[in-house]
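Structure first, commentary second.
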Amino acid sequence: MNTATKVAAYAGALAIVFGGAWAAGAAAGPFGDGPSAPNASEHGAGQPKSAPANAESELPPGLSVADNGYVLDLTQNALPARTTQTFSFKIARIGGGAVTEFDVEHEKKLHLVLVRRDGSGFQHVHPEMTADGTWSVPLTLPAAGSYRVFADFKPAGGAKTTLGADLQVAGAYEPQQFAEDSRESEVDGYVVRLTGDLTAGAESTVTTTVTKDGKPVTDLQPYLGANGHLVALRAADLAYLHVHPQDGPGSGPDVKFAVEVPTAGRYRLFLDFQHEGKVRTASFTLHTSGAAPAPSPTTATPTQTDDHGGHGG
Ligand SMILES: [Cu+2]
């Protein structure tokens, strides 16, 4: 299967799994009765119906250190500022040992994203794993503050999972304020513009356009299986949204993504793009606009458990 097909298959599977999960959660209400419980066979059908309202299908990913039966175990929860240090962690089964088998997604077995709690200082790196399941990556955090670390992965035979944990960098800092909407980002002489609107409760398409010296960049290089890689975070709590590329590797200047925006509010979006051998990150701030579509009972069909063909596409 070629990469474009894989990406398309992956995107389709995500849309089915998560679209269904959200729709089912919305229709079933906070206590999960009704025809939902799409993951019942995977997570124990014997759980009482009065399970906590924060059932995993109702919250966007990245808000918890443990989810889907896995936990993110950081070796250290603080790093010094402006010093390169090895940052390491494990993904473990809750109550069990480290996970060592992962499926490749977007060309990597694990994506590590860091951002300061104020939405600044974004980094997206790819740690290396040793045989015992310890992931390590050299990190340099340029400024003090409280950071959120996201590990985005899919254990072999498990569900796609994003776990989040906090990481502190000692020192005084001034929280950065971001404009309500900021659709243009300048980085290293590139100007990246973002078009499209985010609509609460719906999947939205956004398009980023990369220019340099006023001209469209038409020789973007593939990065992580597409023309670029987008991470979208809800500003208020850094929920990590589902994003998938709408097109396979091409050459630019336009790169399209589908973003699932659960609620109204402000979002931070980060685009990694590669040109002339170097990956750069453009960042945007966007407030949702437009009306959320009314919940439709016809969309609340329970999804099957993770049966989209397993791994690797
Ligand atoms: Cu990555």
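Each reported figure results from applying straightforward, stated rules to the coordinates on display, with no laboratory input. These figures come from a predicted structure and were not determined experimentally. Glycine gets a Cβ as well: all are built from the backbone with ideal geometry, and neighbour counts include every protein chain shown.
Based only on Cα atoms, what Rg/Rh ratio does segment 83-218 have, Rh being taken as Kirkwood's radius?
In segment 83-218, Rg relative to Rh is 1.02.
Pulled fully out, how much extra length does the chain show between Arg82 and Lys215, if you take 0.36 nm times their separation in residues and subtract their Cα-Cα distance?
That works out to 44.4 nm of additional length.
For the residue pair Thr207 and Glu107, what label-to-label distance in nm results when each label sits 7 Å from Cα along the Cα-to-beta-carbon direction?
2.4 nm
Among DSSP beta bridges lying fully in segment 60-173, give the percent that are antiparallel, nearest 5.
So the antiparallel bridges amount to about 95 percent of the total.
Could you go through segment 214-227 in sequence order and give the Karplus-derived ³J(HN,Hα) for each residue, using 6.51 cos²θ - 1.76 cosθ + 1.60 with θ = phi - 60°, rounded to whole Hz, and x for Gly and Pro?
x, 10, x, 8, 10, 10, 4, 9, x, 9, 6, x, 8, 6
State which entries of Lys160/Lys278; Lys109/Lys160; Lys109/Lys154 exceed 18 angstrom in Cα-Cα distance in the structure shown.
Numbers: Lys160/Lys278 28 Å; Lys109/Lys160 11 Å; Lys109/Lys154 7 Å.
Going by Cα-Cα distance, Lys160/Lys278 fall outside the 18 Å limit.
Full extension from Glu186 to Glu276: what is 0.36 nm times the residue separation minus their Cα-Cα distance, to one decimal in nm?
Length gained between Glu186 and Glu276: 30.7 nm.
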